[in-house]
1. Would you check which residues across the range 43-65 are within 16 Å of the ligand (Cβ to nearest atom) and either among the polar types (S, T, N, Q) or within 16 Å of Leu160 (Cβ to Cβ) (or both) and list them?
2. Of the conditions (1) over 14 Å from the mean Cα position of the chain (by Cα); (2) crowded, with 20+ Cβ neighbours inside 10 Å, Tyr214 fails just one. Which one is it?
3. Run down Asn189, Asn222, Asn210 and say which single residue is polar (S, T, N, Q) and within 16 Å of the ligand (Cβ to nearest atom).
4. Taking the residues in the range 420-453 that are among the charged types (D, E, K, R) and over 21 Å from Gln197 (Cα atoms) as candidates, determine which candidate is surrounded by the fewest Cβ atoms within 10 Å (Cβ to Cβ).
5. Evaluate the range 238-257: report whether one residue or more is of a type in the set (Phe, Trp, Tyr) and within 9 Å of the ligand (Cβ to nearest atom).
6. Does Asp239 satisfy the condition of being out of contact with any Pro (no Cβ under 6 Å at 6 or more places or on another chain) and surrounded by fewer than 17 Cβ atoms within 10 Å (Cβ to Cβ)?
7. For the range 366-394, enumerate the residues that are farther than 22 Å from Leu252 by Cα and not in a helix (DSSP H, G or I).
Amino acid sequence: MTEKKRDELITQIKDNESDFIKFIYERLGIVIKTHQTHELHKTILNAYHKFNEEPKEYLDKLRDCQDHSPLLEHLISGVTVGETYFFRDKHQINLLKDKILIDIIQRKREENNLSLRIWSAGSATGEEIYTITMLLHELIPDIDKWRLSLLATDINMESLKKGVAGLYGEWSMRSIQDYFKRRYFTQFNKEYSFSQQLKELVHFDYLNLNEDTYPDIFNATNAQDLILCRNVFIYFDADKITHIMKKLNACLMPGGYLLLGASDPVNITGTDFIFHHHDGLVFTRPQTNDQPIKIIKTIATEKMEPVPPVCEKIDKKVIAKPEPISNHLDQDKITEMLQSTNWQEIINMIDQTILNDSNASFLLSIKATALANLGKLSEAERICQSSLALHSTNKDMYFTYALILIELNQLTEAEKLLRKTLFLDHQFVPAHFQLGLLLLRNKQHEVGLKSLRNALVIAKSKDTQEEVAGSHGLRYGQLVIMLKHEIEIHTSSGNINYVDQNA
Ligand SMILES: C[S@@+](CC[C@H](N)C(=O)[O-])C[C@H]1O[C@@H](n2cnc3c(N)ncnc32)[C@H](O)[C@@H]1O
């Protein structure tokens, strides 16, 4: 490039700088601070070399592009720092090992509920979730009997792909003890490959924390026991942090933990988080009751009232509750309720509605979803079974039931239900999507990808703004992006070891 062209591009970058910054904030929630503009300039300049787009054209195309676009991915890689490593922050790791994980595991054993749901939100290349996986393996001698849902999400596709591949350099290994290195990694020259067995326990997924796609059983972000969102809030301003904290709050089970990075900004407005003192942590801002503020937030919500079983009521077809408020819930009210993600309120409202032949199967499928989002899987399962006994062609219920069985790790049964859903409605995109994920999880790589591609073809034929049936708020445009990401992650990842049983 000539000196003249370079100067011209730099002038154009400076002229459009504030529009780029505004775009990044609106789309990703990320605030570009003054000291980061140099990186931004470099990223825009590199976009010229990579895509032959001048800064102004690049910005125009970004405004119109979907999340999956290489143009946007280039920008995301340039403005996010995926800095992470195994066993990051010794204090927090000790806290996880000696207190948080022990506490959750013990509580689950007491409840006779051998299941764990852990989410690394803003996972970068996966070192954080794999650290948790190793700790669980050490802490739970009978781990084979447990149902584990370990989720890692990020907006940086390159990072997610590296996470799936599980191949790391020395820099990622700088804080790891030899014991863990020897036990869980295989070394190839200067690279370390993470244990295949443990790697398969983790699901990597694209998720923009700035979008309203969580909590949702659909992407398994619901009913978490522990969320790690460390060193991610550094990107956001106070408004976004407040919004994201509320949403993470809604993703947690009562008694669940949220762990932020030691120096992350904190804002708990509108949440029911409480803070716990713990040794070795730096935050000391006093709360109203003089409790010191700490970086571990334990969600302590009121114990939920047990939800009355509905099976006997359904058997009578017309369900009579004492003093029902209404025998009619209108569509707008339902939509509003679902968007609020206040699952207990949704359940209460449905319980106070007289169910009849025309509304029962629909409302019960929502109630089953709400119960599942609260982690009450057995109750949710019971509702699905009872409802299906009466409405054997209700595809929504088959689908909801399948999602519940996936959470219960009953994959064979879940697969049958997804196929039944598709038998009833072959155009039902969410069932193709979930079937694809399930098959990939079962190491049936080719057929899994085929199901995802089926979902993509149908989703693309829909209006991008139309809500995806069975998803409670997700738009087809967003689903197309999720599907493309999922296909990309699994196409270019280390899944070549997979044996395809159905191919
Ligand atoms: C510094 S890394 C933190 C990795 C890991 N949590 C840790 O503490 O080691 C921050 C990650 O947040 C991700 N991130 C930034 N904005 C995001 C958003 N809007 N949604 C999801 N992830 C985001 C970045 O891509 C990056 O991978």
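1. Selection gives Thr43 alone.
2. Here Tyr214 clears every test but (1).
3. Result of the check over Asn189, Asn222, Asn210: Asn210.
4. Filtering first and then ranking leaves Arg453.
5. no
6. For Asp239, the condition - out of contact with any Pro (no Cβ under 6 Å at 6 or more places or on another chain) and surrounded by fewer than 17 Cβ atoms within 10 Å (Cβ to Cβ) - is met.
7. Once the filter is applied, which keeps residues that are farther than 22 Å from Leu252 by Cα and not in a helix (DSSP H, G or I), the range 366-394 yields His391, Ser392, Thr393, Asn394.
Readers should treat all values here as calculations from the given coordinates under stated rules, not as data from a laboratory. These figures come from a predicted structure and were not determined experimentally. Cβ coordinates were reconstructed from backbone atoms using ideal geometry, including for glycine residues, and neighbour counts include every protein chain displayed.
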